[in-house]
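Reading through the C-alpha cells given below for one structure.
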Amino acid sequence: MAFDDLLKKNSVRSPWLFRINAGSCNGCDVELATTALIPRYDVERLGCRYCGSPRHADIVLITGPLTARIHDQVLRVWNEIPEPKVTVAVGICPISGGVFREGYSITGPIDKYIPIDVNVPGCPPRPQAILEAVALGLKIWKQKLGLEA
Ligand code: SF4
C-alpha cells in the first residue's frame, strides 16, 4: 500500500480541529469552548480533537466578521493548514458580517477570500448546531480524502 493511502486510511479516525478568531465579539468562541470543555457537546464524541497548530489541522472553525486589523494574519494562518482541509464558518459574522456588516473596519465576509464548506448561522449558534456542522465537516473531509462518496 502506498504511503499516501496508508496515511489516509489511518488518519481518517483522528481529524484535528483548529480555531481561528477573525475578530469575533467572543460570543461564538464561548459556544465553541463548550465543544471542548463540556462532555455533553464534546467534539471528541465525533472522534475529533482540537490542536494548537494550523499545520496539524484538518477542519478549521472560523468565528468573527474578518476585521481589517487581522485580515492578513487570518489568511496567512488559513493558508498554513494543509490540504485537504474543511472550513466551517461559525456564526453569522463570518457568513455576512452580522451586526458588523459594512462597518469601516470589516473586510469580510470571509467567503470573499476563503472557500467555506459549512456555514453555521446564529448569533451565536448553539453548541448542538456547531457539533452538527463538525459532523458534516467530517463527512466532507472524508469525501475530499476520497474515502466516502
Ligand atoms: S455571530 Fe454574534 S456572537 Fe458570533 S461573533 Fe458575531 S456578533 Fe458575536
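Just so you know, all these numbers are worked out from the coordinates, no wet-lab data involved. Everything quoted here is computed from the prediction, not taken from an experiment. Ideal geometry is used to build each Cβ from the backbone, glycine not excepted, and the neighbour counts take in all protein chains shown.
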What FRET efficiency comes out for Arg76 versus Arg126 if R0 is 30 angstrom and r is the Cβ-Cβ distance? Round to the nearest 0.05. 0.45
What does the highest-first list of 43-52, 56-65 look like by mean Cβ count within 10 Å? 56-65, 43-52
Throw me the Rg/Rh for the range 7-94, computed over C-alpha atoms with Kirkwood Rh, two decimals. 0.98
Students often forget the sequence filter, so: which aspartates and glutamates lie under 19 Å Cα-Cα from Lys142 once same-chain residues fewer than 8 apart are removed? Asp4, Asp5, Glu44, Asp58, Glu83, Asp117, Glu132
Arg101 to Arg45: extension gain in nm, 0.36 nm per residue of separation minus the Cα-Cα distance? 16.7 nm
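What number does the chain give for Rg over Rh if you use C-alpha atoms and the Kirkwood radius?
Radius of gyration over Kirkwood radius for the chain works out to 0.98.
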